[in-house]
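For reference, the structure discussed in these notes is given below.
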Amino acid sequence: MADLLKNKIDFVAFAIVRNANPNGDPLNGNRPRVNYDGYGEISDVCLKRKIRNRMQDLGNPIFVQSADRVDDGYESLSERAAGELKGIKDREKYAAEACKKWLDVRSFGQVFAFKSTDKNGVSVGVRGPVSIQMASSLSPVEVESQQITKSVNGEPAKGGRSSDTMGMKHFVQFGVYEIKGAINVQLAEKTGFTEEDAEVVKECLWTLFQNDASSARPDGSMEISRLYWWRHNCRDGQYSSARVHDTVNVSLRDGVTVPREFSDYQIELKNLPGLEPEIIHGI
């Protein structure tokens with residue numbers, strides 16, 4: 001049996017975006033998410049989706065599968081829960097079996113609010129040890145919009161008009177997004193999250209955009225440039241996550257007003273006695 005996680009972990013990663021839409025906002029015409037100050041954002045839900053996809057790519061069973069990535073034949077989460085956890089009535093056993101079976105459940109947690117969970121409809125909740133913050137760009141981003149023609153012939157031409165339709169494409173010209181997160185030992189012990197699972201999460205982070213290409217994110221338009229991975233020497237952590245994350249100080253180099261490359265930024269790593277990060281460069 002694999003060893004449970006014994007030491008707290010913190011991490012910071014930098015994602016580079018070039019002419020891509022890292023996370024469209026469905027309430028704003030699928031334009032890249034930008035806050036009121038012009039800084040780009042990637043939601044934690046989006047990041048977890050990409051990590052789940054990488055977990056699946058690496059051969060790990062996951063519960064929350066994308067419709068185009070289903071590998072077990074189930075058409076919904078409720079069907080998957082009913083099929084794999086059928087007959088389990090005890091809430092603690094239900095949660096334990098779900099964590100044992102699916103890596104994303106024992107990593108991020110999950111609420112099982114399905115009729116199959118309990119005859120009275122009471123849900124089962126699992127709190128996961130891996131927490132990830134919403135990613136923010138280091139500088140304000142420029143969002144460009146282009147009108148495009150969709151030559152799909154979805155409807156027959158009428159009145160001599162072309163069947164082509166018009167659409168819009170939105171993308172960030174350039175941005176560097178900072179991703180912060182942590183792994184909690186106390187919650188890891190409850191879900192059965194192991195040292196091996198932590199290594200899987202690490203690999204998922206530094207290969208985050210593998211097999212993630214789409215028309216909004218062409219291959220090569222997004223990459224993880226650098227991952228900082230701190231492993232504390234105790235279960236509660238030598239320092240708070242906020243203090244660890246703040247040791248990565250990023251600033252624009254002298255003379256740079258509008259960054260166009262990752263090298264336009266200068267990264268200074270402050271020293272925390274007794275805690276050194278593993279630094280991994282993305283692929």
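Among 14, 193, 262, the largest mean-square fluctuation in a Gaussian network model of the chain, built with springs joining Cα atoms closer than 10 Å, belongs to 262.
When the helices of the chain are scored as -39500 (n - 2.57) per DSSP H run of n ≥ 4 and the total is divided over every residue, the value at 222 nm lands at -6500 deg cm²/dmol.
With 0.36 nm allotted per residue and the present C-alpha distance subtracted, the residue 37-residue 256 stretch has 76.9 nm of extension available.
Once you have a ≥ b ≥ c as the square roots of the Cα gyration tensor eigenvalues for region 1-66, tell me rounded if a/c is under 1.5, and otherwise prolate or oblate according to whether a/b is larger than b/c. Note, shape of region 1-66 comes out prolate. Here the dipole of the chain is about 720 debye; that uses its Cα centre as origin and unit charges on the Cβ of Lys and Arg (positive) and Asp and Glu (negative).
When each of 207, 165, 191, 149 is scored by the number of other beta-carbon atoms lying within 10 Å, the sequence from fewest to most is 149, 165, 207, 191. The value given for region 1-136 is a Kirkwood hydrodynamic radius of 17.1 Å, derived from the mean inverse Cα-Cα separation. For region 1-84, GluC sites (Glu not before Pro) meeting the loop criterion (DSSP other than H, G, I, E, B) and having at most 11 other Cβ atoms within 10 Å: 75.
Where Rh is the Kirkwood radius over the Cα pairs of the chain, the temperature 37 °C and the viscosity 0.692 mPa s, what D in µm²/s does Stokes-Einstein return?
157 µm²/s
Taking the centroid of alpha carbons for each part, region 248-270 and region 40-91 are 37 Å apart. Near the amide H of residue 126, within less than 5 Å, lie the amide hydrogens of 110, 111, 112, all on another chain or at least 5 residues away, with H placed in the peptide plane. When the listed pairs 89/202; 8/86; 86/190 are checked against a 32 Å cut-off, the alpha-carbon distance exceeds it for 89/202; 8/86. Couplings 3J(HN,Hα) for region 172-186, derived from phi with the Karplus relation 6.51 cos²θ - 1.76 cosθ + 1.60 (θ = phi - 60°), are 8, 5, 7, x, 10, 9, 9, 10, 10, x, 7, 10, 8, 6, 4 Hz, where x marks Gly and Pro.
Normalised by 2.2 N^0.38 Å, where N counts its residues, the alpha-carbon radius of gyration of region 207-283 equals 1.39.
Take every pair of alpha-carbon atoms less than 8 Å apart whose residues are at least six positions apart; their mean separation over the length of the chain yields a relative contact order of 31 percent. When 99, 234 are arranged by Cβ crowding within 10 Å, least crowded first, meaning fewest neighbours, the order is 234, 99.
Rule-based calculations on the coordinates, nothing more; no lab input. Keep in mind that this is a model prediction, so the values were computed, not measured. In this analysis, Cβ positions are derived from the backbone assuming ideal geometry, glycine residues included, and neighbour counts consider all displayed protein chains.
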